[in-house]
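Here, each number is a calculation from the coordinates, and none is a lab measurement. The shown structure was predicted, so the numbers you read here are calculated from the model rather than taken from an experiment. Quick reminder, even Gly has a Cβ in these numbers, built from the backbone with ideal geometry, and neighbours come from all protein chains shown.
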Amino acid sequence: MRVFFTGIQAFGEGKDAPKYYVPMSSILTDRLAERDYGSGLDNWFLLFVFQRDEKDYPRGTERMLYKRAKNELDLRLFADHESWRRARKNGDEQELRRLLYDVARRSFDIMRKNKIADFDIDSFEHDVEAIAVEHGWTR
């Protein structure tokens, strides 16, 4: 399984996020590289969106795109803007990691909802969750 986390931000929100999600992505890719969850999904791409939702600057909607030909799941999901700002202001790096993992965990429900054929979501979630617990990304 290849894991690729990245982000996009507006108005400086999330500017420090790569410091947290790049190592998470690398750890997950390294640890899951040799695991076999079936042929239905080989790439988990997640774009963290850091943008507040305001009347004058609506942030739009989240996106999910499953590319069967590439066995790739492309997600664009919103981070909890207010919690992110608060944790960043307080210098709470552990909470920043947890907030990112909260977003990543939502992927499992999306995978189940879209019923990706020939993919063992339960084993995948179990393995990702174990890695997250080991690294302190969970609540």
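Numbers below:
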quantity: Mean Cα-pair separation over length for the chain, i.e. relative contact order, pairs under 8 Å, 6 or more apart, %; calculated: 25 percent
quantity: Charge context of ASP118, other residues only, Cβ under 15 angstrom, K/R +1, D/E -1; calculated: +1
quantity: Two-decimal log10 I(q)/I(0) for the chain, as the Debye equation yields it once each C-alpha is a single scatterer, q = 0.12, 0.15, 0.17 Å⁻¹; calculated: -0.47, -0.73, -0.92
quantity: Centre separation in Å (Cα based) which lies between the range 8-36 and the range 65-79; calculated: 15 Å
quantity: Reachable lysines from LYS89, criterion Cα separation under 23 angstrom, eight or more residues apart if same chain; calculated: LYS15, LYS19
quantity: Surrounding net charge for PHE50, when Lys and Arg each add one and Asp and Glu each subtract one, Cβ distance under 9 Å; calculated: +1
quantity: Stretchable slack from ASP30 to ARG2, in nm (0.36 nm times residue separation minus alpha-carbon distance); calculated: 9.2 nm
quantity: Label-zone membership for the range 16-54, site ALA69, 7 angstrom Cα→C-beta point, backbone N under 17 Å; calculated: 41-43
quantity: The chain: angle of helix 121-135 to the longest principal axis, Cα-based, in degrees nearest 10; calculated: 50 degrees
quantity: Partner lysines for LYS113 [C-alpha distance under 21 Å; skip if fewer than 8 residues away on the same chain]; calculated: LYS67, LYS70
quantity: The chain: antiparallel DSSP beta bridges as a percent of all, rounded to 5; calculated: 25 percent
quantity: Summed residue charge, Cβ within 15 Å of PRO18's Cβ, Lys/Arg positive, Asp/Glu negative; calculated: +1
quantity: Compactness of the range 62-139 as Cα Rg over 2.2 N^0.38 Å, two decimals; calculated: 1.24
quantity: Most positive-pole-ward Cα, GLN51, ALA79, PHE5, against dipole of the chain from beta carbon charges; calculated: GLN51
quantity: Value of [θ]222 nm, deg cm²/dmol, for the chain, DSSP H segments ≥ 4, -39500 (n - 2.57) each, nearest 500; calculated: -14500 deg cm²/dmol
